[in-house]
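Chemist: Here's a structure for you.
Only the coordinates and a few stated rules stand behind these numbers; no lab work does. Predicted model, so just to flag it, every value in this text is computed and none were measured. Cβ: placed from backbone, ideal geometry, glycine included. Neighbour counts: every protein chain shown.
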Amino acid sequence: MNEQELFTLLQRVKNGRINPEQALKKIRLPPVEVLDSARLDHHRVLRTGLPEAIFGENKTVDQLIEILRAMLKRPTVVLATRIEPDKAHQVCAQVAGLHYHKTARLLVGNKGAIPENIGRGTVMVVTAGTSDLPVAEEARLCLTYFGHPVDTLYDAGVAGIHRILAHGEQLQQASALIVVAGMEGALPSVVAGMTPAPVIACPSSIGYGTGAGGFSALLGMLNSCAAGMAVVNIDNGFGAACMAAAINRKQFDPASEEHFLPPEE
């Protein structure tokens, strides 16, 4: 249950479309569902504006199946990150209603529950190179399923600085930007110097030996002199998407929802 759904429920009580007892039954559904392999936080979207997501790395197929089946029963978008193709194939064979994005390693369900009209503007996802696409696509798709408009600019790293400079106007129109880069991690600093919007720098683990699995990019981004830039963890496209969603999300305004009453279930 999100803010809009709770507001609509209270509206229906006010208008006499359902009685308080029925509303109480809906509200008192346990916010935490205890499974054999997890404790699901179904009210996270109400508290934070973002649904709970499954971190799939190192979870077994059986654990994922149990968790996903429980989450798909709720009226929110279901996301499972870091799912390798073989594991995704096994899960999808046993759980209906899932879609797998191979590049992003993302399993998605309940796509019909994507919220609408939630963003203040468009978030832009930028990469230094094509090798950064798995992280960027995780960020882009998560934002899309959170309900935010997204634009992309891929393979625009500083080795050919004209590639990013040619898009200055487009960068300035974004409400927030996620910039993914490996190697020396210079691109987010350049972008942050070209736009007034917040820049979320995401180091990727791409690079040769002294790149140290993304640590060189991470340290370069943390030591940036560009203002208005924050840094998330290495390869953390999901975390970057959550930060961008928090920046871009419109404040829920009950006054603007006064006449919004979707059909009864």
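Chemist: Using each residue's phi in the stretch 181-186, evaluate 6.51 cos²θ - 1.76 cosθ + 1.60 at θ = phi - 60° and report the 3J(HN,Hα) Karplus result to the nearest Hz, with x for Gly and Pro.
Modeler: With coefficients 6.51, -1.76 and 1.60, one gets 8, x, 6, 8, x, 7 Hz.
Chemist: Under a point spin-label approximation (7 Å from Cα along Cα-to-Cβ), what is the Lys73-Arg120 distance to one decimal in nm?
Modeler: My value for the distance between the label points is 3.8 nm.
Chemist: Now for a separate question. If I model a spin label as a point 7 Å beyond the Cα along the Cα-Cβ vector, how far apart are those points for Lys102 and Leu46 in nm?
Modeler: Using points 7 Å along Cα→Cβ, the separation is 4.1 nm.
Chemist: What shape does the stretch 70-180 take by its C-alpha gyration tensor, where a ≥ b ≥ c are the square roots of the eigenvalues and a/c under 1.5 counts as rounded, a/b above b/c as prolate, and the rest as oblate?
Modeler: Oblate.
Chemist: Check cross-link reach from Lys59 to the lysines: straight Cα distance under 19 Å, and skip same-chain residues fewer than eight apart.
Modeler: By straight Cα distance, Lys59 reaches Lys87, Lys102.
Chemist: Using a Förster radius of 51 Å, what is the FRET efficiency between Asn15 and His162 based on their Cβ-Cβ separation? Nearest 0.05, please.
Modeler: 0.30
Chemist: Using a cut-off of 12 Å between beta-carbons, work out the net charge of the residues near Ala128 (Lys and Arg +1, Asp and Glu -1, Ala128 not included).
Modeler: With Lys, Arg at +1 and Asp, Glu at -1, the neighbours total -2.
Chemist: Next up: Can you list the GluC sites (Glu not before Pro) in the stretch 25-98 that are in a DSSP coil and have 13 or fewer other beta carbons within 10 angstrom?
Modeler: Sparse-neighbourhood loop GluC sites (Glu not before Pro): Glu57.
Chemist: Can you compute 3J(HN,Hα) from phi for each residue in the stretch 212-225, using the Karplus curve 6.51 cos²θ - 1.76 cosθ + 1.60 with θ = phi - 60°, rounded to whole Hz and x for Gly and Pro?
Modeler: Those phi angles translate into 6, x, x, 5, 5, 5, 4, 5, x, 5, 5, 9, 5, 8 Hz.
Chemist: Give a residue-ordered list of calculated ³J(HN,Hα) values for the stretch 122-135 (Karplus: 6.51 cos²θ - 1.76 cosθ + 1.60, θ = phi - 60°; whole Hz; x for Gly, Pro).
Modeler: With coefficients 6.51, -1.76 and 1.60, one gets 10, 8, 10, 10, 10, 10, 6, x, 5, 5, 8, 4, x, 6 Hz.
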